[in-house]
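Q: Have a look at this one.
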Amino acid sequence: MTAQIIDGKQVAAQMRAELKDSVARLKGQGITPGLAVILVGDDPASRSYVTAKEKACEEIGMHSDDNRLPSETTQAKLLGLIDQFNNDPKIHGILVQLPLPAHIDEDAVLLAIDPNKDVDGFHPVNVGRMVVGQEAFLPCTPHGVIQLLLRSGVKLSGAEVVIVGRSNIVGKPLANMLIQKSATGNATVTVCHTRTKNIAEHTRRADIVIAAAGRPNTITAEMVKDGAVVIDVGVNRVEDATKKKGYRLVGDVDFEAVSRKASLITPVPGGVGPMTITMLLYNTVLSAEKSLSRCN
Ligand code: NAP
């Protein structure tokens, strides 16, 4: 079997076109969805993520408020800025790019964001709402994975899903979303991690394998059953002297070998990555729609 590629760029483009229409509708009702983006410090990777997020906002007609602060910014100053955006009616989403410099308490910052503007879905109020199945801002990467699966025609209800990785931003929320009694859930989920005794024993019975470990080759061909759907969340740099930058990006899955057994597979790059920013735009538009209904 040769797997069909799930093209994340194409699915993301389709969703962004839908969001552009929603933004135009909201503008017609007098609201421009606005995202405040806050970056503290000058980490090159964070800078490029933030630039990509602002560009994506512009492309669909949203307003983005760009705040690049020096690395020595105090926690008090950052909390003050968040408070200002919490109270700004033009801002519907607040994104603080992580990681923050070591002198700033990340938990205190995430807690300071109004849960109604927490478009990253990391505030404990949104996490709690998600777990109990209430309406919430869903964290972007796991929500992007679910959208990729659904929009590729993959049936989640009753599916055996094995996730490798249990972080708070990918593995745990994804497992929670997939077990919800809803159209975007109803799967039977196993979560593996570094203490799991025999990961292959779990992945081999999975209809859907989701790799989110952050280690190249975590999923090899012998760990996957014929016809499985394989989603690769991992993004890893590996040295490559043939590349100008001296490295290339790979996922957690041995793509070449696994794509000979799987029925559907995501590439890296071009799979889950483009969906993450798309779901951030989705949450900001949703927040603007909610603010409109609160006004009416
Ligand atoms: P993380 O916080 O480092 O968590 C990694 C998880 O994988 C941990 O739960 C760890 O287990 C588990 N793990 C690591 N090596 C393993 C192994 N050999 N076998 C089994 N489990 C293993 O990472 P993360 O933030 O969740 O990110 C995971 C990957 O996704 C990274 O490559 C990251 O760059 C990528 N990512 C991509 C996007 C995107 O938009 N494409 C977004 C977010 C993250 P323990 O808990 O036992 O340590």
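Q: What span do the alpha-carbon atoms of the chain cover on each of the three principal axes, reported in whole Å from largest to smallest?
A: For the chain, the Cα extents along the three principal axes come out at 53, 45, 33 Å.
Q: Another question, then. Could you check what % of the DSSP bridge pairs in region 155-216 are antiparallel, to the nearest 5?
A: So the antiparallel bridges in region 155-216 amount to around 0 percent.
Q: Got a sec? Charge dipole of the chain, +1 on Cβ for Lys and Arg, -1 for Asp and Glu; which of 229, 165, 69 is way out at the positive end?
A: Looking along the dipole axis, the top candidate is 229.
Q: Quick one: Cα centre-to-centre distance for region 241-296 and region 137-161, in angstrom?
A: When both Cα centres are located, 12 Å separates them.
Q: What shape does region 32-114 have by the C-alpha gyration tensor, where a ≥ b ≥ c are the square roots of the eigenvalues, rounded means a/c under 1.5, and otherwise prolate means a/b greater than b/c and oblate the rest?
A: Because a/c hits 1.5 or more and a/b fails to exceed b/c, region 32-114 counts as oblate.
Q: Still on this structure, I have one more. Straight-line reach from residue 261: which aspartates and glutamates have a Cα under 20 Å away, not including same-chain ones fewer than 8 places off?
A: Output for residue 261: 7, 160, 201, 207, 222, 226, 232, 252.
Q: Using only DSSP helix segments of four residues or longer, with each worth -39500 (n - 2.57), what per-residue ellipticity at 222 nm results for the chain after dividing by its residue count and rounding to 500?
A: After summing the helix terms and dividing by residue count, I get -12000 deg cm²/dmol.
Q: Starting from the Cα of residue 20, draw a straight line to each of the lysines and keep only those under 19 Å, dropping any in the same chain fewer than 8 residues away.
A: Cα-Cα hits under 19 Å: 9, 53, 55, 90, 290.
Q: Kindly list the residues of region 186-230 that lie in the label zone of residue 240, defined by a backbone N under 15 Å from the point 7 Å along the Cα-to-C-beta vector.
A: Output list for this probe position: 216-217.
Q: Taking H placed 1.01 Å from N in the peptide plane, check which residues at least 5 places from residue 192 or on another chain put their amide H under 5 Å from its amide H.
A: Residues meeting the criterion, in which the H sits 1.01 Å from N, are 163, 164, 165.
Q: Region 80-177: which GluC sites (Glu not before Pro) are DSSP loop and have at most 14 other beta-carbon atoms within 10 angstrom? Walk me through the numbers on the way to the answer.
A: Numbers: sites: 106, 135, 160; in loops: 135.
Answer in residue order: 135.
Q: Please report the antiparallel percentage of DSSP beta bridges with both residues in the chain, rounded to the nearest 5.
A: Antiparallel bridges make up about 10 percent of those DSSP assigns within the chain.
Q: Taking the Cα centre of the chain as origin, work out the dipole magnitude from +1 charges on Lys and Arg Cβ and -1 charges on Asp and Glu Cβ, in debye rounded to 20.
A: Result for the chain is approximately 600 debye, rounded to the nearest 20.
Q: Determine the sum of side-chain charges near residue 71: Lys and Arg each +1, Asp and Glu each -1, restricted to other residues whose C-beta is under 14 angstrom from that of residue 71. Write out the running numbers ahead of the final one.
A: Values: positive: 47, 68, 77; negative: 42, 43, 72.
Net charge in that neighbourhood comes out at 0.
Q: If you only keep lysine pairs separated by 8 or more in sequence, or across chains, how many in region 120-227 come under 20 Å at the Cα atoms? All intermediate terms of the calculation are to be shown ahead of the outcome.
A: Numbers: 155/181; 155/225; 172/181; 172/197; 197/225.
The number of close lysine pairs in region 120-227 is 5.
Q: What ³J(HN,Hα) values, in whole Hz, does the Karplus curve 6.51 cos²θ - 1.76 cosθ + 1.60 give for region 51-58 when θ = phi - 60°, with x put for Gly and Pro?
A: The phi angles translate into 4, 5, 5, 5, 5, 4, 4, 4 Hz.
Q: How big is the dipole moment of region 140-272 about its Cα centre under a simple scheme where the beta carbon of each Lys and Arg is +1, that of each Asp and Glu is -1, and everything else is neutral? Debye, nearest 20, please. Could you put the intermediate results ahead of the total?
A: Values: 18 positive and 11 negative charges, 56 e Å.
Roughly 260 debye, rounded to the nearest 20.
Q: Which order do the peptides 52-58, 99-105, 25-31 come out in when sorted by mean C-beta neighbours inside 10 angstrom, highest first?
A: So the order, starting with the most tightly packed, is 52-58, 99-105, 25-31.
Q: Within region 140-272, what percent of beta bridges assigned by DSSP are antiparallel, to the nearest 5?
A: On the way: 4 of 20 bridges.
Looking only at bridges with both residues in region 140-272, the antiparallel portion is about 20 percent.
Q: Follow-up. At 7 Å along Cα-to-Cβ for each site, give me the label-to-label distance between residue 65 and residue 90 in nm.
A: 0.7
Where a number appears in this text, it was derived from the coordinates with a stated rule and is not lab data. Because the structure is predicted, anything quoted here is derived from the model rather than measured. Cβ: placed from backbone, ideal geometry, glycine included. Neighbour counts: every protein chain shown.
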